[in-house]
Amino acid sequence: MQKIISLTKRRGFVFPSSEIYGGFASCYDFGPLGVEMKNNIKNAWWSEMTKKQENIVGLDAAILMSPRVWQASGHLTAGFADELVECKKCHKRFKKDEIGRGSASNKCPECGGSLTKPKKFNLMMKTFVGSVEDKAATTYLRAETCQGIYVNFTNVLNSMRLKLPFGIAQIGKAFRNEITPGNFIYRTREFEQMEMQWFCTPKEANKFFEYWKKARVKWYLDLGIDKKKLRAIEVPAKERAHYARRQVDIEYKFPFGWQEIEGVHNRGNYDLSNHSKHSGQDLKYEGYFPYIVETSAGADRSFLTFLVDAYREVKGGRTETTEAVKEVEVLLKLDKKIAPVKVAILPLVKNKPALVKKAKEVYKLLKPYFYCQYDEVGSIGRRYRRIDEIGCPFAVTIDFDTLKKNDVTLRDRDTMKQKRIKIKELVEALKEKLSV
Ligand code: GAP
């Protein structure tokens with residue numbers, strides 16, 4: 001993890017938030033390559049969950065909602081709280097269920113001091129709306145994006161003239177006052193969710209649950225995630241979220257162990273019936289409350305999953321020059337859809353103005369179609385290594401033959417094969433290879 005974290009900082013994927021002030025509470029900023037990669041993940045999800053589907057529509061609800069939403073959803077009560085213990089000696093706080101059982105369970109894992117009795121700690125992030133900071137002005141940053149979908153159920157249904165079964169998809173920020181954030185961007189207090197809520201008859205909920213569970217696992221596999229490191233685990237009743245009748249966690253094997261990256265939940269009629277009761281509005285469809293099967297993924301966790309899964313260290317000579325032979329080379333084998341930079345443009349040497357001029361022309365030609373990077377600094381071998389390290393799938397090299405024949409070499413990151421191709425055919429060839 002340390003190597004990956006330092007790579008992400010060095011190459012502009014992820015920076016610690018407010019770093020010049022010493023960082024801030026497990027918050028992170030996505031840098032120039034990070035924002036591209038995260039957008040690619042969100043676009044891949046959006047395309048899969050809306051564009052490729054016949055009956056799923058999108059939504060972008062506000063982060064701030066009436067606090068009554070959170071009363072109705074159960075998030076302000078015990079259901080959305082962790083048990084917190086505090087060390088009486090060093091005053092560090094821990095989640096009770098992370099301390100373990102048995103005789104050591106009341107000792108601080110850091111200093112061995114004794115721990116306080118567990119108390120419930122609600123994870124909602126409180127804020128105030130307007131100029132008066134009193135109880136009446138209190139609301140919360142949303143803890144899950146789906147509540148914005150439930151409160152818009154009839155708006156979407158009526159405006160789009162939908163019929164059951166149908167889905168509503170949304171990507172957006174969510175906030176939780178986690179007691180123990182950590183493992184880089186795995187658990188943070190501000191994060192992005194990619195959620196789809198599937199409304200169906202109670203009778204069909206189990207069938208659709210199976211369908212969406214499989215579909216979501218397939219999404220990760222289709223984007224290159226190692227099958228051996230992905231599993232879907234049925235969550236037993238006592239460990240389920242407060243709204244879930246059934247829950248499957250999709251887990252990935254990180255360097256810090258198997259961890260949840262997405263939840264698939266059968267929420268029954270929990271949400272629509274509670275919002276109906278609390279708002280006084282009829283949220284029934286043809287006389288009954290539809291059931292909801294939800295798929296809830298994290299954009300940041302997906303980001304970490306794709307990054308960790310793609311990370312390779314290759315010993316000696318992946319790139320073509322001898323200077324590389326003894327070095328360990330880092331390769332990010334990111335799927336082409338996810339990779340932030342799609343094409344690197346490299347003049348063979350930088351001290352030949354005619355080559356540089358031609359390379360810049362090629363860069364200008366490709367830039368409107370693909371996210372490109374122009375690089376003329378250092379030997380060609382070093383530059384190949386630099387682009388392998390950020391997972392760039394294709395490199396275009398402009399050499400002396402280019403000047404005579406108007407063709408370039410196109411290097412494939414994974415096979416390292418180089419092929420000559422006419423400049424006038426380059427855009428179409430890359431479009432085909434990148435499937436855009
Ligand atoms: N609406 C259902 C829901 O929110 P969840 O299992 O609590 O379910 C779903 O969260 C997903 O959101 C998780 O699988 C994870 O990918 C992401 N997520 C949740 N808490 C997170 C956190 N503190 N940091 C980063 N991602 C988080």
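The values are calculated or read from the model by the stated rules, or taken from the named source; none is laboratory data. All of these numbers come straight from a predicted model, not from anything done at the bench. Here Cβ is always computed from backbone atoms with ideal geometry, including for glycine, and neighbour counts include all displayed protein chains. Areas reflect the complete protein model, heavy atoms only, side chains present, ligands, DNA and RNA absent. Shrake-Rupley method; radii C 1.70, N 1.55, O 1.52, S 1.80 Å.
With respect to Glu98, determine if the residue is charged (D, E, K, R), within 16 Å of the ligand (Cβ to nearest atom) and more than 28 Å from Gln197 (Cα to Cα). Answer is yes for this residue.
Of the set (1) assigned to a helix (DSSP H, G or I); (2) of a type in the set (D, E, K, R); (3) surrounded by 14 or more Cβ atoms within 10 Å (Cβ to Cβ), all apply to Glu432 but (3).
When Ser296, Ser302, Ser279 are checked against the criterion of being away from the ligand (no atom under 16 Å from the Cβ) and closer than 29 Å to Phe191 by Cβ, a single residue qualifies: Ser279.
Name the residue, out of Met194, Met124, that is without any contact (Cβ under 8 Å) to a residue 60 or more places away in the chain, touching a Lys or Arg at 6+ places or on another chain (Cβ under 9 Å), within 14 Å of the ligand (Cβ to nearest atom) and not β-branched (Val, Ile, Thr). Lay out the reasoning, then the answer.
Numbers: Met194 fails: without any contact (Cβ under 8 Å) to a residue 60 or more places away in the chain.
Just a single option satisfies the conditions, and that option is Met124.
From the residues in region 282-293 that are away from the ligand (no atom under 16 Å from the Cβ) and of a type outside the set (Phe, Trp, Tyr), which one is surrounded by the most Cβ atoms within 10 Å (Cβ to Cβ)? Walk me through how you get there before you give the answer.
Step one: list which residues in region 282-293 are away from the ligand (no atom under 16 Å from the Cβ), which gives 282-290.
Next, from what is left, pick out any that are of a type outside the set (Phe, Trp, Tyr): 282-284, 286-287, 290.
Working: Asp282: 11, Leu283: 20, Lys284: 14, Glu286: 8, Gly287: 6, Pro290: 25.
In this case the residue turns out to be Pro290.
Comparison of Val235, Val264, Val217 shows that the only residue that is within 14 Å of the ligand (Cβ to nearest atom), touching a helix residue (DSSP H, G or I) at 6+ places or on another chain (Cβ under 8 Å) and closer than 29 Å to Gly182 by Cα is Val264.
Might you let me know whether region 127-142 holds any residue that is surrounded by fewer than 14 Cβ atoms within 10 Å (Cβ to Cβ) and touching a residue at least 40 places away in the same chain (Cβ under 8 Å)?
Yes; the residues of region 127-142 include at least one that is surrounded by fewer than 14 Cβ atoms within 10 Å (Cβ to Cβ) and touching a residue at least 40 places away in the same chain (Cβ under 8 Å).
Filter region 278-305 down to the residues that are out of contact with any strand residue (DSSP E or B) (no Cβ under 7 Å at 6 or more places or on another chain), within 18 Å of Ile149 (Cβ to Cβ) and of a type outside the set (A, V, I, L, M) and list them by number. Selection gives His278, Ser279, Gln281, Asp282, Lys284, Tyr285, Phe289.
Answer with yes or no whether Ala169 is more than 10 Å from the ligand (Cβ to nearest atom), surrounded by 21 or more Cβ atoms within 10 Å (Cβ to Cβ) and closer than 25 Å to Phe306 by Cβ.
So Ala169 passes the test.
Give the residues of region 228-240 that are closer than 19 Å to Val308 by Cα and either under 18 Å from the mean Cα position of the chain (by Cα) or among the β-branched types (Val, Ile, Thr) (or both), sorted by residue number. It would help to see each step written out before you state the result.
The first filter runs over region 228-240 and keeps only residues closer than 19 Å to Val308 by Cα, leaving 228-232.
Within region 228-240, Lys229, Leu230, Arg231, Ala232 qualify.
Confirm whether Ala61 is under 20 Å from Gly172 (Cβ atoms) and in contact (Cβ under 8 Å) with a residue 40 or more places away in the chain. Criteria met by Ala61. The listed residues are Phe199, Phe209, and the only one of them that is more than 10 Å from the ligand (Cβ to nearest atom), over 29 Å from Val35 (Cβ atoms), in a strand (DSSP E or B) and open to solvent by less than 30 Å² (accessible area, probe 1.4 Å) turns out to be Phe199.
With a requirement of 3 or more residues that are not small (Gly, Ala, Ser), the strands (runs of 3 or more DSSP E) lying completely within region 1-93 that satisfy it span 14-16, 28-30, 81-86.
For region 112-138, how many residues are over 24 Å from Leu84 (Cβ atoms) and not small (Gly, Ala, Ser)? It would help to see each step written out before you state the result.
To start, the set of residues in region 112-138 that are over 24 Å from Leu84 (Cβ atoms) comprises 129-134, 136-137.
Pick out the ones that are also not small (Gly, Ala, Ser) and you get 129, 132-134.
Qualifying residue count, region 112-138: 4.
Restricting the search to region 259-272, which residues are within 13 Å of Leu304 (Cα to Cα) and either assigned to a helix (DSSP H, G or I) or open to solvent by 50 Å² or more (accessible area, probe 1.4 Å) (or both)? Once the filter is applied, which keeps residues that are within 13 Å of Leu304 (Cα to Cα) and either assigned to a helix (DSSP H, G or I) or open to solvent by 50 Å² or more (accessible area, probe 1.4 Å) (or both), region 259-272 yields Gln259, Glu260.
On inspection, Leu84 qualifies as more than 27 Å from Lys163 (Cα to Cα), open to solvent by less than 40 Å² (accessible area, probe 1.4 Å) and in contact (Cβ under 8 Å) with a residue 24 or more places away in the chain.
Does Pro393 meet the test of being under 17 Å from Phe13 (Cβ atoms) and either surrounded by fewer than 21 Cβ atoms within 10 Å (Cβ to Cβ) or not charged (D, E, K, R) (or both)?
Values: under 17 Å from Phe13 (Cβ atoms): yes; either surrounded by fewer than 21 Cβ atoms within 10 Å (Cβ to Cβ) or not charged (D, E, K, R) (or both): yes.
It is true that Pro393 is under 17 Å from Phe13 (Cβ atoms) and either surrounded by fewer than 21 Cβ atoms within 10 Å (Cβ to Cβ) or not charged (D, E, K, R) (or both).
Search region 243-258 for residues being part of a strand (DSSP E or B) and touching a His at 6+ places or on another chain (Cβ under 9 Å), and hand back the single one that is nearest to the ligand (Cβ to nearest atom). Filtering first and then ranking leaves Gln247.
Confirm whether Lys214 is in a strand (DSSP E or B) and surrounded by fewer than 18 Cβ atoms within 10 Å (Cβ to Cβ). No; evaluated as a whole, the condition is false for this residue. Within region 175-184, which residues are at pLDDT 95 or above, more than 7 Å from the ligand (Cβ to nearest atom) and either buried (at least 19 other Cβ atoms within 10 Å of the Cβ) or assigned to a strand (DSSP E or B) (or both)? Passing the criteria: Phe175, Phe184.
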